[in-house]
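J.: My questions will all concern the structure given below.
Since every read-out is calculated from the coordinates, none of them should be taken as a lab result. Note that the structure is a prediction, hence the values are computed from the model and not measured. Please note: Cβ atoms are built from the backbone with ideal geometry, for glycine as well, and neighbour counts cover all protein chains shown.
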Amino acid sequence: MTRPDATLAGVTVLVTRPAGQGENLCRAVEAAGGTAVHVPVITIQPLEGEQLERELRQAVSCSGGILFVSRSAVAGALALLGRDAAVFAGKQVYAAGAGTRRALQEQGIDARAGADATRASEALLELPELAAANVAGRDFALLRGEGGRELLAEELQRRGARVHVVELYRRARPEVTPQQMHALWRDTRPDVVVITSATGLYNLAAMTAAEDMPVLLRAGLVVMSERIAAAAAGLGFECKPVIAAVASDAGLLEAVMACTEWKRQ
């Protein structure tokens, strides 16, 4: 995952992905000589119950196309289905982003994803098979979390598709003490913050006391998309965020390298 000449010596990187999703990036940062600090800013809470399982099975069975918006949607769906990936056999499966596609492939499910990893949902909608002429009158199951972006559902409906939304998890802000966050910004002082969703960015800001916000806003920022970069600009980050070219741990690591080039000169 790292280049032979790459080094993050002296660089502290704050990884904010949910528990279970940030460990590989932390190991890659440390393999490159940096210090990784993992502070999840989103907690994923899977939704459960027989009614939800019936809703999911019904949506999948009546739909020719299945859209997964995240790795958490993949995990939530398979947990409800008892790991029965055969439910998706014969369906056209789509993934919003390379990470979601890899999660599906790990379960033996082939999926299509858009070409631009920094615009996962938008790029998915650019696939020829999801053009209006090809989706009108068809049924799609959209598997996502509570309160997810409406772009996919609204655009497919505008193109004439019937969209069955199934919400499989909710995102919550982790509980941290002011003392923990104060220590992060005053003692650890990360050089770079890695953010992979706008919700995570807003959660991090909300978890940070007003007196510590200047430290956060002066840090380098690595993000997954233009949308997150725009949100960062709205919050007042001083440095222009570096957008990962590929939505993967390797892509994030390369972006961290680019973000800290000044420190390694």
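J.: Which one is right for this structure if mean projected area of the Cα convex hull in nm² is calculated from it: (1) 14.6; (2) 13.1; (3) 16.9?
T.: Correct label, based on the coordinates given: (1).
J.: Now, a different point. To the nearest 10 degrees, how steep is helix 249-259 against the longest Cα principal axis of the chain, on a 0 to 90 scale?
T.: 40
J.: Another one. Show me 38-50, 10-22 ranked by packing, highest mean number of other Cβ atoms within 10 Å first.
T.: 10-22, 38-50
J.: Out of residues 5 or more away from T12 or on other chains, whose amide H comes under 5 Å of its own, with H placed 1.01 Å from N in the peptide plane?
T.: Residues meeting the criterion, in which the H sits 1.01 Å from N, are T35, D191, V192.
J.: Just how large is the dipole of the chain about the Cα centre, in debye to the nearest 20, putting +1 at every Lys and Arg Cβ and -1 at every Asp and Glu Cβ?
T.: Magnitude of the dipole: close to 180 debye.
J.: Using Cα-Cα distances under 8 Å and only pairs 6 or more residues apart, what relative contact order does the range 175-265 have, in percent?
T.: Here the relative contact order equals 27 percent.
J.: Next question, about the same structure. Please list 243-252, 127-136, 218-227 highest first by mean number of surrounding beta-carbon atoms within 10 Å per residue.
T.: The packing order, highest mean first, is 218-227, 243-252, 127-136.
J.: Quick one: which residues, 5 or more positions from R138 or on another chain, have an amide H under 5 Å from its amide H? H modelled 1.01 Å from N in the peptide plane, none for Pro or chain starts.
T.: Residues meeting the criterion, in which the H sits 1.01 Å from N, are R162.
J.: Can I ask one more? Read phi for every residue in the range 55-71 and hand back ³J(HN,Hα) as whole Hz from Karplus 6.51 cos²θ - 1.76 cosθ + 1.60, θ = phi - 60°, with x for Gly and Pro.
T.: Each residue's phi maps through the Karplus curve to give 4, 5, 4, 5, 4, 5, 5, 8, 10, x, x, 10, 10, 9, 8, 6, 5 Hz.
J.: While we're looking at this one, here's another question. Pull up the DSSP beta bridges for the range 45-171 and report the antiparallel fraction as a percent, rounded to 5.
T.: In the range 45-171, DSSP labels about 10 percent of beta bridges as antiparallel.
J.: While we're looking at this one, here's another question. At 1.002 mPa s and 20 °C, plugging the Kirkwood radius over alpha-carbon pairs of the range 83-218 into Stokes-Einstein gives what diffusion coefficient in µm²/s?
T.: For these conditions, the coefficient is 121 µm²/s.
J.: Answer rounded, prolate or oblate for the range 1-113, using the Cα gyration tensor with square roots of eigenvalues a ≥ b ≥ c: rounded when a/c is under 1.5, else prolate when a/b is larger than b/c, else oblate. The partial results should precede the final answer.
T.: Values: a/c = 3.70, a/b = 2.10, b/c = 1.76.
Here the range 1-113 falls in the prolate category.
J.: Further question: For L67, what residues show an amide H to amide H distance below 5 Å, using hydrogens built from the backbone and excluding near sequence neighbours?
T.: Correct list: Y94, A141, L142, L143.
J.: Further, regarding this structure: Given R₀ = 22 Å, FRET efficiency for R162-Q51 by Cβ-Cβ distance, to 0.05?
T.: So, using R0 = 22 Å, E works out to roughly 0.55.
J.: I want the antiparallel fraction of DSSP beta bridges within the chain, as a percent rounded to 5. Mind dumping the intermediate values first?
T.: Working: 4 of 33 bridges.
Around 10 percent of the beta bridges assigned by DSSP in the chain are antiparallel ones.
J.: Using +1 at the C-beta of Lys and Arg and -1 at the C-beta of Asp and Glu, which of L204, H164, L125 has the Cα lying farthest in the positive direction of the dipole of the chain?
T.: Projecting each Cα onto the dipole axis, the largest value belongs to L125.
J.: Moving to a separate point now. Quick one: length gained pulling E175 to V215 fully straight, 0.36 nm per residue minus the C-alpha distance?
T.: Going from the current span to full extension adds 12.3 nm.
J.: Using 1/(1 + (r/R0)^6) with R0 = 22 angstrom and r between the beta carbons of A85 and D139, what's the FRET efficiency to the nearest 0.05?
T.: Taking R0 as 22 Å, the efficiency between A85 and D139 is 0.65.
J.: Rounded to whole Hz and in sequence order, give me ³J(HN,Hα) for the range 138-146 from the Karplus expression 6.51 cos²θ - 1.76 cosθ + 1.60, θ = phi - 60°, writing x for Gly and Pro.
T.: Whole-Hz 3J(HN,Hα) from phi for the range 138-146: 9, 9, 10, 9, 10, 9, 8, x, 4.
J.: If you don't mind, another one. Each residue of the range 160-169 in turn: what ³J(HN,Hα) in whole Hz from Karplus with 6.51, -1.76, 1.60 and θ = phi - 60°, glycine and Pro shown as x?
T.: With the stated coefficients, the range 160-169 comes to x, 7, 9, 10, 9, 8, 10, 9, 10, 7 Hz.
J.: Where does helix 198-207 land angle-wise versus the long Cα axis of the chain, in degrees 0 to 90, nearest 10?
T.: Helix 198-207 sits roughly 40 degrees off the main axis of the chain.
J.: If contacts are Cα pairs under 8 angstrom and at least 6 residues apart, what is the relative contact order of the chain in percent?
T.: Relative contact order comes out at 21 percent.
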